[in-house]
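Derivation of every value follows stated rules applied to the coordinates shown; laboratory data play no part. What you see is a predicted model; the values in this text were computed from it and never measured. Don't worry about glycine lacking a Cβ; one is built from the backbone with ideal geometry, like all the others, and counts go over all protein chains shown.
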Amino acid sequence: MLFSIFLWETATGWLDWAPTFVSWPSPRASGAVSGSRTPSRYNVGVPFTIRDFRLDDFETLWHLDQECFSPGIAYSRPELKFYIRRRGSFTLVAEGAADEVTEQAAAELANKSTSPKIAGFIVTQSGRTGHIITIDVIAAARRSGVGSQLLQAAEDRLRTAGSKAVSLETAVDNLSALAFYKRHGYSVIETVPRYYSNGVDALRMKKDLAPALNSKILLQD
């Protein structure tokens with residue numbers, strides 16, 4: 001999906017926009033969530049706190065995105081700011097306790113003006129059918145469950161907002177991401193030729209969001 005916009009930095013470093021003839025890359029949810037063969041340097045089952053994005057997270061998230069995606073696929077700063085700031089979107093951040101982050105994990109983002117406590121993030125667009133824009137998890141935290149926590153939290157937020165389903169795109173050659181999403185109930189609905197800027201096709205996937213169960217259980221006499 002292409003967006004024709006012009007963006008400029010405001011005094012706060014965030015973006016205003018107006019129509020013009022600048023094309024932006026398509027959303028791509030095929031983030032690094034479970035594909036690394038390197039064992040997680042977090043203990044399996046480590047609890048991560050899922051919270052809303054804060055402005056001072058941005059540099060960490062941008063550097064994390066550069067780690068997760070190759071050049072040409074990773075977002076530029078203006079692109080990532082646009083998706084985070086777009087009307088109807090929300091960004092959730094996974095954060096581990098300081099004593100749960102190993103020295104190696106912290107070193108991965110060291111000297112980059114980033115927070116080593118952040119293990120991943122997800123950007124999601126609300127709507128009748130929600131859309132996962134991107135999900136990124138630092139290599140040290142993969143296979144620890146953080147990707148699943150982020151995805152579940154985003155789906156819960158969409159469900160609460162009234163979304164009936166959620167969709168995303170993943171590269172046809174990203175088998176680990178495909179397996180990850182299938183495990184979470186997503187099904188392939190179509191192939192999108194040359195979806196990514198490097199010419200790779202995408203698989204569009206979709207999941208129906210069942211209504212949340214009412215916490216009040218009615219007991220029959």
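Side notes on the structure shown:
- Cβ crowding within 10 Å, taken as a proxy for footprinting-reagent exposure, orders Asp56, Asp65, Asp173 from fewest neighbours to most as Asp56, Asp173, Asp65.
- A Förster radius of 41 Å, combined with the Cβ-Cβ distance separating Lys164 from Arg194, puts the computed FRET efficiency at roughly 0.90.
- Computed from label points 7 Å out along Cα-Cβ, the spacing between Ser148 and Arg87 is 3.8 nm.
- Remark: the Ala210-Glu79 segment gains 44.0 nm on full extension, using 0.36 nm per residue and subtracting the alpha carbon distance.
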